[in-house]
Amino acid sequence: MSKEVKGSLKKIFITGIGTEVGKTITSAIVVEALEADYFKPVQAGDLEYSDTHKVRKLVSNLKTQFHANSYALHTPMSPHAAAEIDGITIELDTIKLPETNNHIVVEGAGGLLVPLNNTKTILDIITPDYKVIVVSRHYLGSINHTLMTLQLLKNKGLDVSLIFNGDEHRTTEDIIKKMTNVNVIGRIDDEPYFDTMVIKEYAELFKEKLNDL
């Protein structure tokens, strides 16, 4: 098998319009579809069953490597506050993308403007070479949160796509599409459960569009 050209490797950043919108499930699907590596720079809380553990459990290909967090904080709070409890300050220079000859999926924490320290947010660790996937889940106020998230990323000149998570809400989704003209990769339904087989099904469903990013 010929060695993949490094320039063709994808760097994908998964963010959401807020917390608990489905970033980790989405990350597992994208990782499985591309057989990509996975990296969660900042984990706050749940260290014994972190997002890295969850994605590892859901991914079944043999190529993916799981990289250690740059910061593993003990309290489930905003990273800046969790770091303060641990007696440290998050420094952006410490958050370095792992070296790999594979595609890599990077999962953020919360939304774009979640503080990392007194001056920097999650948005500051997304560099121009990333393809960004925003996860949007319907709730009262989600249109505003989705539009603001997409606008922030576009203002930074980033390549942005969208995945909807949860039951379809057509009027919400239609206005988001009309106002942003964003590339929609697809939808993750409210499944009864997620296991390796369900993740593989979505990976196959999304693979073509993910390869086109």
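The values are calculated or read from the model by the stated rules, or taken from the named source; none is laboratory data. The model shown is predicted, which means the values in this text are computed figures rather than measured ones. Neighbour counts run over all protein chains shown; Cβ positions are idealised from the backbone, glycine included. Accessible surface is based on the protein model in full, side chains and every heavy atom, while ligands, DNA and RNA are left aside. Shrake-Rupley method; radii C 1.70, N 1.55, O 1.52, S 1.80 Å.
Report, by residue number, each residue of segment 143-166 that is assigned to a strand (DSSP E or B) and crowded, with 17+ Cβ neighbours inside 10 Å. Step through it out loud before you land on a result.
Residues of segment 143-166 assigned to a strand (DSSP E or B): 159-165.
VAL160, SER161, LEU162, ILE163, PHE164, ASN165 - these are the residues of segment 143-166 that are assigned to a strand (DSSP E or B) and crowded, with 17+ Cβ neighbours inside 10 Å.
Looking only at residues of segment 125-142 that are open to solvent by 60 Å² or more (accessible area, probe 1.4 Å) and over 21 Å from HIS103 (Cα atoms), we find that the one that is nearest to the chain's Cα centre (by Cα) is ARG137.
When only residues in segment 1-18 that are open to solvent by 10 Å² or more (accessible area, probe 1.4 Å) and closer than 15 Å to ILE133 by Cα count, which is modelled with the lowest pLDDT? Steps first, answer last, please.
Within segment 1-18, the subset open to solvent by 10 Å² or more (accessible area, probe 1.4 Å) is 1-11, 17-18.
Subsequent filtering for residues that are closer than 15 Å to ILE133 by Cα retains 10-11, 17-18.
Working: LYS10: 97, LYS11: 97, ILE17: 97, GLY18: 93.
By that ranking, first place goes to GLY18.
A residue that is polar (S, T, N, Q) and closer than 16 Å to VAL21 by Cα cannot be found anywhere in segment 191-208.
For TYR49, are the conditions met, namely being open to solvent by 30 Å² or more (accessible area, probe 1.4 Å) and of a type in the set (Ser, Thr, Tyr)? Yes. Which residues, taken from segment 73-114, are of a type in the set (A, V, I, L, M, F, W, C), open to solvent by less than 50 Å² (accessible area, probe 1.4 Å) and under 18 Å from GLU48 (Cβ atoms)? Of everything in segment 73-114, those that are of a type in the set (A, V, I, L, M, F, W, C), open to solvent by less than 50 Å² (accessible area, probe 1.4 Å) and under 18 Å from GLU48 (Cβ atoms) turn out to be LEU73, ALA82, ALA109.
Reported count of residues in segment 167-213, each being open to solvent by 50 Å² or more (accessible area, probe 1.4 Å), of a type in the set (S, T, N, Q) and closer than 27 Å to HIS103 by Cα, is 3. Residues in segment 111-126 that are touching a residue at least 24 places away in the same chain (Cβ under 8 Å), in a loop (DSSP other than H, G, I, E, B) and not charged (D, E, K, R): 8 in all.
Does ALA68 qualify as being open to solvent by 30 Å² or more (accessible area, probe 1.4 Å) and out of contact with any Asp or Glu (no Cβ under 9 Å at 6 or more places or on another chain)? Walk me through how you get there before you give the answer.
Working: open to solvent by 30 Å² or more (accessible area, probe 1.4 Å): yes; out of contact with any Asp or Glu (no Cβ under 9 Å at 6 or more places or on another chain): yes.
When the stated conditions are applied, ALA68 passes them.
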